[in-house]
Structure formats: structure tokens, C-alpha cells
1. Restricting to Cα pairs below 8 Å that are 6+ residues apart, what does the relative contact order work out to for the chain? Please round to a whole percent.
2. May I ask for the Kirkwood hydrodynamic radius of the chain, worked out over all distinct Cα pairs and given in angstroms to one decimal?
3. If you project the alpha carbons of the range 169-303 onto their three principal axes, what span does each projection cover, largest first, in Å?
4. Relative contact order for the range 129-268: what percent, with Cα pairs under 8 Å and sequence separation of 6 or more?
5. Based on alpha-carbon positions alone, could you give the equivalent ellipsoid semi-axes of the range 28-163 from the gyration tensor, as √(5λ), descending, whole Å?
6. On C-alpha positions alone, give me the angle between the axis of helix 65-96 and the longest principal axis of the chain, in degrees, nearest 10.
7. Taking only C-alpha pairs under 8 Å that are 6+ residues apart, what is the relative contact order of the range 231-306 in percent?
8. Considering only protein heavy atoms, what per residue accessible area in square angstrom results for the chain with a 1.4 angstrom probe?
Amino acid sequence: MTTSVAAPAVKAKERPGDRVFSTATVVAGSLILVVLAAVAVFLVAQSLPALTAHESDFKGDVPNFWAYVWPLAFGTLWSAVLALIFAVPLAIGIALFITHYAPRRIAQGLGYIIDLLAAVPSVVFGLWGIGVLAPAVQPFYSSLVDWFGWLPFFAGPVSGTGRTILTVAIVLAVMILPIITALCREVFLQTPRLHEEASLALGATRWEMITMAVLPFGRPGIISATMLGLGRALGETMAVAMVLSPAAIVSFALLQSQNSTTIAANIALNFPEAHGVGISILIATGLILFVITLAVNMLARFIINRRKAFSGAN
């Protein structure tokens with residue numbers, strides 16, 4: 001009776017190029033964490049004087065830093081959420097049209113136009129918002145107040161210039177539209193062809209096929225695209241600063257001349273004249289924006305991971 005002895009496993013020889021590439025990827029991944037930690041440490045260290053600043057150090061009649069930053073944080077979130085309400089359905093519709101309805105030649109041309117929108121500078125969108133959009137929508141805003149003035153969102157008096165939080169939301173929606181559309185388009189193109197053909201073979205219409213196969217498959221990608229667009233809207237500076245007249249108020253009204261400005265626009269407008277504690281106050285508002293953006297991205301990642309876990313369980 002003979003016994004066979006298993007041969008010892010031979011470790012594959014690692015090539016120098018593989019070792020260099022592996023080290024480079026580890027360094028690159030670690031560098032992201034180092035930069036993020038360095039930014040957080042800088043913001044926290046520079047923001048400490050703002051937390052104990054005197055009432056006279058703040059612009060406006062506010063007693064402390066939290067009363068100063070709350071309207072800015074509200075304006076940041078409010079304008080970004082409004083922009084998403086306008087941009088996300090339109091972006092999904094355009095992506096579906098490009099991938100499942102439009103002829104190839106039209107789809108390619110429309111895709112190029114959408115991608116070119118992402119290259120337009122923010123200041124150009126701001127000029128467009130002031131010179132074209134605001135005067136064009138101002139008469140429509142007056143009609144909205146006449147029709148729906150009983151709702152808090154459309155309460156008057158309406159702005160005479162059209163430079164309102166709703167105008168800013170429309171400008172931001174146009175700015176984030178290319179990002180969301182491009183990502184949704186790529187996600188929809190990754191839908192397994194067999195799933196689409198199976199739905200059509202079972203008698204589903206094209207729209208039913210989209211609702212049963214394309215949209216469920218692309219839901220994590222849609223969420224990711226939406227969060228990227230939200231991050232762009234939260235951090236937008238020049239377009240908001242140019243279109244919106246700053247005011248330290250908290251209001252859900254969309255058509256009035258006095259609206260809450262955003263954190264990024266407030267920093268851009270006040271930083272050149274700030275000194276001493278004023279700089280620390282603006283940096284502290286930047287820390288709040290940093291925390292908001294980080295929380296939004298963490299929430300999006302949690303939703304996507306939960307969705308993947310739920311799909312895997314099923």
C-alpha cells in the first residue's frame with residue numbers, strides 16, 4: 001500500500017511590475033484618506049475661534065455662530081433639494097430616451113450635447129440666470145402667486161427681478177443635469193440584454209420592460225448619480241452668488257426677493273473682506289458644509305449597500 005504525498009504548493013513568482021503597481025494603488029488609496037483627514041483637521045482647527053466669537057464679530061443680528069450658520073445651511077439644503085426635484089426626473093427621462101427610444105444618430109448627437117453642458121463654466125450659468133432666465137420667469141412667478149398664493153411655497157410678494165431661490169434651483173438643475181444624465185445613461189446601457197428580451201417576449205410593452213427590467217437594475221446607479229449631482233449642487237458657488245440676493249432668513253417661500261443664501265456663496269462673497277475672527281467664522285461654515293456633504297454621501301452609500309444586500313438575499 002502506497003501513500004501519495006501532496007506536492008507543496010509552488011508560490012508564483014511576483015513580477016516587478018506587479019509589485020510596483022500594487023504598491024502604487026495602495027499609496028493612492030491611502031492618499032485619499034490622508035487628504036480627507038488633513039482637510040478635516042484644518043477646518044476643525046481654524047473653526048474653533050468661531051465657536052466662542054462675540055456677538056459683534058458676526059454680520060447681522062445673531063447672538064452666536066449657530067444662529068449665524070443655520071440660515072446658510074438651510075439655504076444650501078433647500079436649493080439643492082429643489083434642484084434635484086427638477087433635475088432627476090428629467091435626467092432619467094433623457095437617459096431612457098437616449099438608450100431605448102431615440103435612433104442611434106439622434107442619440108449620439110443628444111449625448112454629445114449633454115456632455116458639453118458639463119464643460120460650461122459656473123459663471124456662464126450665473127450670467128444666463130441673471131440675464132435670461134430671471135427676466136423670463138418673473139411674469140410666470142406673478143401668475144403663480146395669483147393662482148397658488150394660498151400655499152406657503154408661493155406666498156407673495158413676488159420678486160420684481162425674478163432672482164429668487166426657485167430661479168437658483170432651476171440654474172442648479174441645469175448644471176447638475178449632465179452629471180446625472182451621463183451616469184444614468186451608462187447604467188441603463190449595462191442592463192442585461194436577456195432581461196429586456198425576456199420581458200418583451202412575455203408580451204410586455206417597451207415601457208413595461210423599462211419599469212420591470214431597466215429601472216430596477218439601474219436603481220443603485222440612479223441613487224449614486226443623484227448623490228453626485230447633489231454634491232455638485234451643495235458646493236456650487238458662483239451661480240448662486242450671482243443670481244441670489246443674500247439674506248439671513250429661513251423661509252420655504254420660493255418667489256420672494258429675500259431668500260436664504262448658501263454656505264458656499266456666503267463664503268465667496270464675504271471672504272475677500274474678512275479678517276481675524278471673521279475668517280474663522282467663514283471657515284467654520286465651510287466645516288458645516290463639509291459635514292453635510294460627508295453625511296449625504298455616507299447616507300447614499302448606506303442606501304446602495306442595503307439595496308445590494310436585499311437583492312442578494314432575494
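1. Details: 374 pairs, mean separation 84.7, N = 314.
Answer for the chain is 27 percent.
2. Evaluated over the chain, this radius sits at 23.0 Å.
3. Answer, in whole Å and largest first: 69, 31, 21 Å.
4. 34 percent
5. On the way: eigenvalues 267, 176, 39 Å².
Equivalent ellipsoid of the range 28-163: 37, 30, 14 Å, largest first.
6. Relative to the chain, helix 65-96 is tipped by roughly 50 degrees.
7. 27 percent
8. Result: 57 Å² per residue.
The values are calculated or read from the model by the stated rules, or taken from the named source; none is laboratory data. What you are looking at is a predicted structure, and each value in this text was computed from that prediction instead of being measured. Reconstructed Cβ throughout: ideal geometry from the backbone, glycine too, with neighbour counts over all protein chains shown. Side chains included, ligands, DNA and RNA excluded: accessible areas come from the protein's heavy atoms. Shrake-Rupley method; radii C 1.70, N 1.55, O 1.52, S 1.80 Å.
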